[in-house]
Amino acid sequence: MVDAFVSAMGLTGLAEENVQARVRGTTLMALSNAEGHLVLATGNKSELAVGYSTIYGDAVGGFAPIKDVPKSLVWAIARWRNAVAEARGDTPPIPSNSISKPPSAELRPGQLDTDSLPDYDVLDAVIHRYVDGDAGVDEIVAEGFDPELVRRVAQLVDRAEWKRRQYPPGPKISLKSFGKDRRLPITNRWREFV
């Protein structure tokens with residue numbers, strides 16, 4: 001179905017890649033409507049910060065349980081949850097390959113998140129300083145982070161505000177969750193005038 005739609009539309013590049021996530025999102029919403037379930041958005045704070053979630057795809061749902069949880073913490077919690085289950089003699093509830101394989105949005109064959117993002121441990125450290133700590137680019141660079149990387153992450157965070165405004169609500173676990181605690185203008189290219 002996705003291939004037929006992409007072919008008929010003549011889509012390529014990012015537009016083609018995002019169709020898969022949007023078809024999945026539409027399917028989940030249709031099942032939700034038919035069966036009365038609540039769809040949970042799957043994005044985490046790291047992905048939400050840099051706009052690495054597809055509007056009307058990964059971002060569909062009525063609630064986002066991990067929207068304020070950095071990706072590196074999501075993995076730590078998943079490993080902990082499996083270890084607790086194993087210690088009780090239960091089957092680990094989270095498939096080990098979903099924790100151990102290199103992260104990928106799986107939008108194209110062989111695609112990895114590191115094709116377009118830094119390693120999540122580094123990304124999360126920069127996001128934590130920039131978002132939760134209100135540190136500026138120069139302050140973060142002074143801590144020893146690569147200047148180009150910090151500028152790029154800050155730019156991605158600032159440009160993704162419009163996506164975050166469309167994201168479903170979720171619990172707050174950090175000092176500054178997106179939404180109520182941290183909001184940026186989404187119009188007028190405000191960063192260029194600051």
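Figure the gain on full extension for D138 and R151 (residue separation times 0.36 nm, minus the Cα-Cα span) and round it to one decimal in nm. It would help to have the intermediate numbers written out before the result.
On the way: separation 13, 0.36 × 13 = 4.68 nm, distance 0.91 nm.
Here the segment from D138 to R151 would lengthen by 3.8 nm.
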Worksheet entry | Cα-only radius of gyration and Dmax that characterise segment 68-194, units Å | 17.2, 59
Worksheet item: When the helices in the chain are scored as -39500 (n - 2.57) per DSSP H run of 4 or longer and the sum is shared across all residues, what 222 nm value do you end up with, to the nearest 500 deg cm²/dmol?
Response: -13500 deg cm²/dmol
Worksheet entry | Amide proton proximity set for F63, modelled H, under 5 Å, gap of 5+ | A41
Worksheet item: Between R159 and R88, what is the label-to-label distance in nm when each label sits 7 Å out along the Cα-to-Cβ direction?
Response: 4.5 nm
Practice prompt. Report the label-to-label distance for R183 and A76 in nanometres (one decimal), using points 7 Å from each Cα along the Cα→Cβ vector.
Written response: 3.0 nm
Worksheet entry | Whole-percent pair-distance distribution, where bins are 5 Å wide, for the alpha carbons of segment 47-93 | 5, 18, 20, 18, 15, 12, 9, 3
Practice prompt. May I ask you to compute the full-extension gain from S100 to E35, defined as 0.36 nm times their residue separation minus their alpha-carbon distance, rounded to one decimal in nm?
Written response: 20.1 nm
Worksheet, complete the sentence: In whole Hz, the Karplus estimates of ³J(HN,Hα) for segment 168-184 (6.51, -1.76, 1.60; θ = phi - 60°; x where Gly or Pro) are x, x, x, x, 9, 10, 10, 4, 9, 8, 6, x, 5, 7, 9, 9, 10
Fill in: Accessible area (Å², per residue) of segment 1-116, counting only protein heavy atoms and a probe of 1.4 Å
58 Å²
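Counting only protein chains, not ligands or nucleic acids, how are D138, D113 ordered by accessible area (probe 1.4 Å), most first? The partial results should precede the final answer.
Values: D138 130, D113 5 Å².
Listed by decreasing accessible area, they come as D138, D113.
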Practice prompt. Quick one: which residues, 5 or more positions from R182 or on another chain, have an amide H under 5 Å from its amide H? H modelled 1.01 Å from N in the peptide plane, none for Pro or chain starts.
Written response: none
Item to complete: Just the number, please: carbon plus sulfur as a percent of the accessible area of the chain, 1.4 Å probe, no ligands or DNA/RNA counted.
Response: 58 percent
Worksheet item: Roughly how many Å is it from the Cα centre of segment 139-161 to that of segment 33-50, as a whole number?
Response: 26 Å
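Could you order peptides 47-53, 85-91 by the average number of other Cβ atoms within 10 Å of their residues, highest first? Could the numbers behind the result be given before it?
Numbers: 47-53: 24.1, 85-91: 9.3.
Ranked from most to least packed, the peptides come out as 47-53, 85-91.
The values are calculated or read from the model by the stated rules, or taken from the named source; none is laboratory data. All figures in this text were calculated on a predicted structure; none of them were measured in a lab. FYI the Cβ positions are ideal-geometry reconstructions off the backbone, even for glycines, and counts take in every protein chain you see. Remember, those area values only see protein heavy atoms, side chains included, never the ligands or the DNA or RNA. Shrake-Rupley method; radii C 1.70, N 1.55, O 1.52, S 1.80 Å.
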